[in-house]
Amino acid sequence: MDERLQQYDNKMQKSLDNLQEEFGSIRAGRANPHVLDKLRVDYYGTPTVLQQVANVSVPEPRMLLIQPWEPSMVREIEKAIQTSDLGINPTNDGKSIRLTFPELTEERRKDLAKDVKKKGENAKVAIRNIRRDANDSLKKMSKSSDVSEDEVKQLEDEVQKLTDKYISKVDKAVEEKTKEILTV
């Protein structure tokens, strides 16, 4: 690949990575520790990622078990979960916290599938914007006559191939996540 296009490839990859991260926070029927990734806990006055103050495990398909390193953190973690948008009530036994994920209704599954498609479309828009930026910079190069028109045309074709590659990766990711959500 041409080194002039490497930065655009990196940006498109970041868009895809961001989409995968967002998909991780969408909970399907199974318990997934990634739904807690954005959760911050007050650790001695500092907002801290949950994984840095506790061990998160999946003892059963629809349950997460959170075991804090320090017993004093149980209250803080419970409070953070209750104030988050997870929509799950934690069960506290004094030493650990259990999160039991309810079975998703058919309607909720369809809503989540729509949400997945919307996030996929946003990722595609981001990738197309990167393509536009790449093409704009290539046009500027041709005007300043640093490169020939044929070379610019070839680079534009490469940018289009790059865009197609990432758009198909986004489609595949959306399809997989939708299938996961709709599987009962």
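Across the chain, counting alpha-carbon atoms alone, Rg and Dmax equal 22.0, 71 Å. Based on the Kirkwood approach, the hydrodynamic radius assigned to region 5-82 is 14.2 Å, with every pair of different Cα atoms included.
Gain in length, Asn10 to Glu103, computed as 0.36 nm per residue apart minus the alpha-carbon separation, to one decimal in nm?
Values: separation 93, 0.36 × 93 = 33.48 nm, distance 3.81 nm.
In short, 29.7 nm is gained.
Once the chain from Arg128 to Ser72 is taken as fully extended at 0.36 nm per residue, the excess over their C-alpha distance is 15.3 nm.
By Kyte-Doolittle mean hydropathy of at least -1.0 and Cα axial length of at least 18 Å, which whole DSSP H helices of the chain are selected?
Numbers: long enough: 3-24 (32 Å, -1.69); 106-143 (56 Å, -1.59); 149-182 (49 Å, -1.10).
Length and hydropathy pass: none found.
The simple spin-label model puts a point 7 Å past each Cα toward its Cβ; for Glu3 and Lys153 those points are separated by 2.7 nm.
Residue separation times 0.36 nm, minus the C-alpha to C-alpha distance between Lys165 and Asn92: what's the value? Don't jump to the answer; show the numbers that get you there.
On the way: separation 73, 0.36 × 73 = 26.28 nm, distance 4.65 nm.
Taking Lys165 through Asn92 to full extension adds about 21.6 nm, to one decimal.
In this model, which of Lys38/Lys124; Lys38/Lys110; Lys139/Lys177; Lys110/Lys161; Lys95/Lys119; Lys11/Lys117 are farther than 30 Å apart at the alpha-carbon?
The answer is Lys139/Lys177; Lys110/Lys161; Lys95/Lys119.
Regarding region 73-178, what's the average projected area of the Cα-atom convex hull, expressed in nm²?
Computed as one quarter of the Cα hull surface, the answer is 10.7 nm².
Surface calculation, 1.4 Å probe, protein heavy atoms: Tyr43 sits at approximately 70 Å² accessible.
The values are calculated or read from the model by the stated rules, or taken from the named source; none is laboratory data. Being a predicted model, the structure only gives us computed values, none of them experimental. Using ideal geometry, Cβ is built from the backbone for each residue, glycine included, and neighbour counts are taken over all protein chains shown. Please note that ligands, DNA and RNA were not included when accessible areas were found on the heavy atoms of the full protein model with its side chains. Shrake-Rupley method; radii C 1.70, N 1.55, O 1.52, S 1.80 Å.
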